[in-house]
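Derivation of every value follows stated rules applied to the coordinates shown; laboratory data play no part. Quick caveat, the model's predicted, so the values are computed rather than measured. Please note: Cβ atoms are built from the backbone with ideal geometry, for glycine as well, and neighbour counts cover all protein chains shown.
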Ligand SMILES: Cc1cc2nc3c(=O)[nH]c(=O)nc-3n(C[C@H](O)[C@H](O)[C@H](O)COP(=O)(O)OP(=O)(O)OC[C@H]3O[C@@H](n4cnc5c(N)ncnc54)[C@H](O)[C@@H]3O)c2cc1C
């Protein structure tokens, strides 16, 4: 089943070429998806955006009110199968809703994301039929809200080390859960908790569905709301369990499978979090453009200054890049789910395997989109100058709200290391042939380079050739590192981080180029002039970063002749035939933005 389909497998982008025609882009949204987008945007514009300031006042009740309003539109059940009260829409629709509902306030998007994601998916993915029938309709309708209790004071990134215990009662009918969880989103108003606890001295934790009824606390008490840097109206509390009685039939999957559940729920959470960073970037960019057009200094709108054009062009480009990659991966996941269903898997099995397959891409997207959002809001503050530092403008809260996205759903350090670590593991298991292409690159390094002048007349052809070469850089560095350190590579974290940055840049740049090439071919090159400029500008930055990270890796693990050869290879594989004029590109992008007075791609 794996090989017969023409769907790029997870992680294989680094060893294979993708045709632009096989890449999904936001320009491919169906009528139904566009309608869904418009209704989510209408909700955000009407209910959330005008109340942005209210979300800064620790108004937790207001967040709950908005969650109920989203429920009335069916938005909590987008991805839930119809059999369990949801709309049963595909993965693209799921991330589309996540995208457009999340741009206005980190408080609301955290509440929405925790409920519809990690608060619900463990049951849809791992629940028994009885569990799904009992709980999922309540969650999909918003009658109940969900939370996810994994983190503990002593167990954060090391999530499987939690001390919360689950002890079987004497009559064998219940587990008694005791322990302390912390940083639990939605704790203050949820009716259901996905709780991870250890049975006896099991190596791995176990997942449970725990009902939370304030009238009948059942040993559950909550800490006070945490005082946080951002997402001020997202409820975040500690949760204490003292012999909380949970029926044995509320165990999720099998004993000891909790860690697997936790990680897979996070995989989906990561691509959704990337999506949740998109509309925030669009809005911050739009607000910055409007301000730059209005703010006069030295008798001219600041939008006319090169320094501001630089920022606007970079902000819009990063947004376009993140959009391109998120929807590309989203469609791969959707297609893989469909393929598995067609081959006889249940929807549940298909979804689980479909998302697991693209765990590398999910980590890549989470890291890059969260960092782009942070940069975007930081530049937004800078464009607003002193006003950006004021809580009276939307930039200040956007910047604070953005910060958490680099921490939750696995910190960006952990996700960077996971991305490369999972790829290396895939290679070791024979699921991705890194070795063959790495050896081919090694041979190429010792061979004579071609002196032919390539024909780069087709749109983005030089850029595509550059992507192919950058993949060689990755294979060269990772191949060399594996050769040097073997299975101990995972102990060389700084090297992993550097290689991960190379991997991330390649995926993001390739996705952007493929989207733009596809659109240029079908809509005409002239319609994509600025998108082409953004793809080129992003690639230029990617090449620069890759040169720096690859060099850092090479000089750290190779010496003498080997080092010289690898550095020469790096030079060869990062050489442009014609360098883009990046300043001119930024000016063209910024001028379009300021003319349109909004993010317009
Ligand atoms: C507002 C908010 C909401 C949250 N919501 C939830 C929720 O709903 N449910 C839930 O279960 N959790 C939730 N969390 C917890 C969140 O997932 C954790 O904070 C996160 O996983 C990091 O764990 P930690 O805070 O213990 O940091 P630590 O794990 O202590 O990490 C501290 C630093 O060390 C680094 N580090 C840790 N281990 C390694 C390693 N092996 N190698 C290299 N570097 C490492 C980290 O990257 C980080 O920079 C939330 C947190 C916050 C702040």
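Footprinting exposure proxy ranking of 600, 190, 149, fewest other C-beta atoms within 10 angstrom first, gives 600, 190, 149.
Legend: ranking of residues 203, 165, 464, 272 from fewest to most surrounding C-beta atoms inside 10 Å; resulting order 203, 165, 464, 272. Principal-axis analysis of the Cα atoms of the chain puts helix 347-357 at an angle of about 40° to the longest axis.
Potential lengthening of the chain between residue 46 and residue 203 amounts to 51.6 nm, from the contour at 0.36 nm per residue minus the alpha-carbon distance.
For a modelled paramagnetic label at residue 300, 7 Å from Cα along Cα-to-Cβ, no residue of segment 498-542 is in reach, as no backbone nitrogen comes under 12 Å. On C-alpha positions alone, give me the angle between the axis of helix 560-573 and the longest principal axis of the chain, in degrees, nearest 10. So the helix axis and the longest Cα principal axis differ by about 80 degrees. Here is the P(r) of segment 231-272: all C-alpha pair distances, binned every 10 Å from 0, give 20, 31, 41, 9 in whole percents.
Here the scattering of segment 139-222 is modelled by Debye summation over its C-alpha atoms, one equal scatterer each and no solvent; at q = 0.10, 0.11, 0.19 Å⁻¹ the log10 of I(q)/I(0) is -0.25, -0.30, -0.87. So if R0 is 45 Å, what FRET efficiency would residue 587 and residue 62 give, r being the distance between their Cβ atoms, rounded to the nearest 0.05? Working from the Cβ atoms, E equals 0.60. Working note: Cα atoms of segment 400-490, range along each principal axis, descending, whole Å: 49, 36, 21.
Computed over every Cα-Cα pair of segment 202-256 and binned at 10 Å starting from 0, the pair-distance distribution P(r) comes out as 20, 37, 31, 12 percent. Segment 270-317 and segment 172-216 have their alpha-carbon centroids 43 Å apart. Note on segment 86-210: Rg/Rh from Cα positions, Kirkwood definition for Rh, rounded to two decimals, is 1.00.
May I ask for the equivalent-ellipsoid semi-axes of segment 1-94, computed as the square root of five times each C-alpha gyration tensor eigenvalue and listed largest first in whole Å?
On the way: eigenvalues 248, 57, 40 Å².
In descending order the semi-axes read 35, 17, 14 Å.
Entry note, the chain: relative contact order of 15 percent, from Cα contacts under 8 Å with a spacing of 6+ residues.
Given a Förster distance of 30 Å, report the FRET efficiency between residue 253 and residue 229 from their Cβ-Cβ distance, rounded to the nearest 0.05.
0.25
Quote the convex hull volume per residue of segment 338-473, based on C-alpha atoms, as a whole number of Å³. Write out the running numbers ahead of the final one.
On the way: hull volume 30.8 nm³, N = 136.
Convex hull of Cα atoms, per residue: 226 Å³.
Calculated on the alpha-carbon coordinates, the convex hull of the chain measures out at 156 cubic angstrom per residue.
Can you give the extra length, in nm with one decimal, that the chain gains between residue 456 and residue 157 once fully stretched, where that is 0.36 nm per residue apart less the Cα-Cα distance?
Stretched out fully, the residue 456 to residue 157 stretch lengthens by 103.0 nm.
Remark: spin-label model distance residue 39-residue 245 equals 4.2 nm, labels positioned 7 Å along the Cα→Cβ axis. Packing, taken as the mean count of other beta carbons within 10 Å per residue, orders the peptides 496-505, 39-48 from highest to lowest as 496-505, 39-48.
Computed from Cα positions, the angle between helix 31-43 and the longest principal axis of the chain comes to roughly 70 degrees. Can you give the Rg to Rh ratio of segment 257-315, both from alpha-carbon atoms, with Rh computed by the Kirkwood formula? Ratio of gyration radius to Kirkwood radius for segment 257-315: 1.36.
Computed over the Cα atoms, what is the radius of gyration of segment 196-287 divided by 2.2 N^0.38 Å, N being its residue count?
Working: Rg = 17.6 Å, N = 92, 2.2 N^0.38 = 12.3 Å.
Rg over 2.2 N^0.38 Å, computed on Cα atoms: 1.44.
According to the calculation over all Cα-Cα pairs in segment 480-568, the P(r) per 5 Å bin from zero is 3, 14, 18, 16, 14, 10, 9, 7, 6, 3, 0 %.
Distance from the alpha carbon centroid of segment 379-394 to that of segment 463-535 works out to 33 angstrom. Put simply, segment 445-512 fits an ellipsoid with semi-axes of 28, 17, 6 Å; these come from the alpha carbon gyration tensor as the roots of five times its eigenvalues, largest first.
Here, segment 320-385 is characterised by an Rg to Rh ratio of 1.22, where Rg is the alpha-carbon radius of gyration and Rh the Kirkwood radius.
Straightening the chain between residue 168 and residue 526 buys 122.1 nm, computed as 0.36 nm per residue apart minus the Cα-Cα spacing.
Note on 381, 587, 364: ascending count of other Cβ atoms within 10 Å places them as 587, 381, 364, the fewest first.
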